[in-house]
């Protein structure tokens, strides 16, 4: 059962990501990516992390991707329309030169490493109370800094989107 | 349960994002590629958290999520500003800093 669910979610996650990188129109890329992110939330459920899974759907597939889809539809850019190239040749060469060896090394490292099997998780692993306790004790300082970062990002976004650059 | 398939999926997602970032030229698609790379990292964090039964990985995932939100807010504002001034979204034409 676990294996079947894993292959189901993993294939949608990878397939959606592949489509997102291959489709021509940005809107279709974004929609494929949303499918990929929802499937990733399924993988988080399989990893016994319900709170991150819910955050993934609410924040990633929900808030962030909806923001991006809004901007894509708002700009309604034609430069990615069929007939015009959206591929950088230098980038393609660079991608093959760097990423093929990198991927080979990483995947070999993962499958050759002596990784422990996942132990049975305790009942409260990855739940909201357990994560809340962790966030507000060990990770309290980073958590507070994070709120500052979000505030700065919000102010920066308003300023950038408003100003006319000359 | 074996953690290796999960980590392999994380690596594939990261590499797809990196490849998309290098190959594509539309700024919005570059943006999606960055999100994809972040998600690959997130899956690796959750997998390692589960493997070591340590909630720290999930706290880091939470931080990654807030980081992605901040990045998308600022990044999209920059995309809008660029589109207003240049009327295109082609990353290869934005080479003013080349000198």
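Every number in this text was worked out from the coordinates using simple rules, so none of it is lab data. Every value quoted in this text rests on a predicted model; they were computed, and no experiment measured them. Glycine also receives a Cβ, built like all others from the backbone with ideal geometry; neighbour counts cover every protein chain displayed.
Results, tabulated for the structure shown:
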| item | result |
| --- | --- |
| Order of B:62, A:74 under a 10 Å beta carbon neighbour criterion, fewest first | A:74, B:62 |
| Debye intensity ratio in log₁₀ form over the Cα atoms of segment B:42-99, taken at each q of 0.26, 0.28, 0.29, 0.31 Å⁻¹ | -0.97, -1.04, -1.07, -1.12 |
| Ratio Rg/Rh, restricted to segment A:5-67 and using Cα atoms, in which Rh is the Kirkwood radius | 1.00 |
| Mean separation of Cα contacts under 8 Å (6+ apart) over length of chain A, as relative contact order % | 19 |
| Label point at residue B:67 placed 7 Å out along Cα→Cβ; residues across segment A:29-45 whose backbone nitrogen lies under 13 Å | none |
| Relative contact order %, chain B, counting alpha carbon pairs below 8 Å whose residues are six or more apart | 28 |
| Fewest-first sequence of A:3, B:96 by Cβ atoms within 10 Å of each Cβ | B:96, A:3 |
| Nitroxide proxy distance, nm - points 7 Å out along Cα→Cβ at residue B:52 and residue A:121 | 1.7 |
| Average beta carbon contacts from partner chains per residue of A:14-27, 10 Å cutoff | 5 |
| Helical mean residue ellipticity (222 nm; -39500 (n - 2.57) per DSSP H run of 4+; nearest 500) of chain A | -23500 deg cm²/dmol |
| Approximate shape of segment A:114-156 as ellipsoid semi-axes (Cα gyration tensor, √5λ), whole Å, largest first | 31, 14, 9 |
| Cα gyration tensor category, rounded, prolate or oblate, for chain A with a/c compared to 1.5 | oblate |
| Inter-site label distance for residue A:102 and residue A:128 at 7 Å from Cα along Cβ, in nm | 3.8 |
| Segment A:103-166-segment B:1-38 distance, computed between alpha-carbon centres (Å) | 17 |
| Average other protein chain Cβ within 10 Å of Cβ, residues B:79-89 | 5 |
| Within 10 Å of each Cβ in A:125-138, the average number of Cβ atoms from other chains | 3 |
| GNM result for chain A, Cα springs below 10 Å: residue of A:26, A:116, A:50 fluctuating most strongly | A:116 |
| Relative packing of A:121-130, A:61-70, B:70-79, which averages over residues the other C-beta atoms within 10 Å, highest first | B:70-79, A:61-70, A:121-130 |
| Three-way shape label, chain B, alpha-carbon gyration tensor, a/c 1.5 | prolate |
